[in-house]
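The values are calculated or read from the model by the stated rules, or taken from the named source; none is laboratory data. No experiment lies behind these values; they were computed from the predicted model shown. When we count neighbours, we look across all protein chains shown, and the Cβ atoms used for this are built from the backbone with ideal geometry, even at glycine. Note: areas computed on protein heavy atoms with side chains; ligands, DNA, RNA excluded. Shrake-Rupley method; radii C 1.70, N 1.55, O 1.52, S 1.80 Å.
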Amino acid sequence: LVAIVFIVSYANYLWSKYKKKSEKKELDKFLDSFQSVKNEKDYAKLLGENPEAISSLMLLASIYYKSGNHEEAIAIYLILLEYIKEKDKKIEVLSMLGKTYYKAGFLHRSRDILKESLRLKPRNQEVLKVLLVILERLKEYSNGFGVLESLEELGESVEKEKNFLKVFLIIEDAKMQDSIKIDKLKELLKGAPYTAHTIMEFLFFKSTKDAWEMLEFININDIIDILWVLAPSDVEQEKIKNIAILNELFSARGVVDTAKKSEIFEFDILINLQEKKEIADLTFEYSCECCKQVFPVYFHRCPSCFSVARCKIEPILTKKSDSYFMGELA
């Protein structure tokens, strides 16, 4: 019995040792494809002479990452991976390396690094979330569903992300006819009104008739930037008569003159500038309701905090560019 216990224990020890060696070999092989970035010999020398400097270099790499010096951060993280033996720290460095590649704009490298991190630790929520963002940016929407399944198993609410992936898959499907796309998007919009901006932008481009039919299912404030630049010939005046905000918006634009005032300050100003509409216009800024960051273009996912469907559209009064340049020329 003692002999059996000894054999089993020793076999388990050998298997554990083999597994660690195999993991190290696979990781080294994986990192060979990124060797061209590692040009900081001083860091390697420091680690070779003083292995305890690992913590200091991890802190330094983090500082470089936060300050936007991604090239320096990448160089340090790659060298750290050669010297770190602990599995948990390797996973931490791989995760940070993947994020840094993402911030630096190397999306494919970031995706591959994060997948390697997940191979070592599959149930890493933070890495899964970043990987999902990268897959969206790369338009690999089908792969995104696999990531969402993992997040769902970990207790994350992923309904909004799933619906956005469905929307993007439909819009980007080159083999699907436009009429089928429109029907599917309309059905999706009824159940997921937070996808309104993405879907309505597509509908107004492909079929204004279908777009106007869907207005009753959405919050008009979610698409005021789209409506503001809509061609006058695409405006259904019968529709806007019965919806106050549309009446005010198109009166502010000068398409109709039925509204005399508006509770929206910017619309109210433009309505009262009927005779001098050439001097003012509207632009829009887009802020995240979670992190309060402001961006110049619409986003379904905040570029800063990655929250979904939290984009707030704010109208901004501005001087018309045409009148400005004409004044400058005069």
Query raised in the report: Looking at the square roots a ≥ b ≥ c of the eigenvalues of the Cα gyration tensor of the stretch 167-254, which shape do they give, rounded for a/c under 1.5, prolate if a/b is larger than b/c, or oblate?
Result: prolate
Report task. State in Å² the accessible area per residue of the stretch 155-210; use a 1.4 Å probe, count heavy atoms of protein chains only, and round to the nearest integer. Result -> 52 Å²
Requested in this report: For residue 307, enumerate residues with amide H under 5 Å from its amide H, sequence gap 5+ or separate chain, H modeled in the peptide plane.
Outcome: 302
Query raised in the report: Between residue 187 and residue 55, what is the spin-label point distance in nm, taking each point 7 Å from the Cα along the Cα→C-beta axis?
Result: 5.8 nm
Report task. For residue 233, tell me the accessible area in Å² from a 1.4 Å probe, rounded to the nearest 10. Result -> 100 Å²
Query raised in the report: Simple spin-label model, 7 Å along Cα-to-Cβ: residue 174 to residue 121 in nm?
Result: 3.9 nm
Query raised in the report: Between the stretch 120-141 and the stretch 239-261, how many Å separate their Cα centres?
Result: 44 Å
Report summary line: 1/(1 + (r/R0)^6) with r = Cβ-Cβ of residue 208 and residue 280, R0 = 25 Å, i.e. FRET efficiency to nearest 0.05, evaluates to 0.40
Query raised in the report: With each label point set 7 Å from Cα along the Cα-Cβ vector, what nm distance links residue 273 and residue 304?
Result: 2.8 nm
Report summary line: Of the residues 208, 250, 308, the Cα lying farthest along the dipole of the stretch 205-309 towards its positive end, which is defined by charges on the beta carbon of Lys, Arg, Asp and Glu, belongs to 308
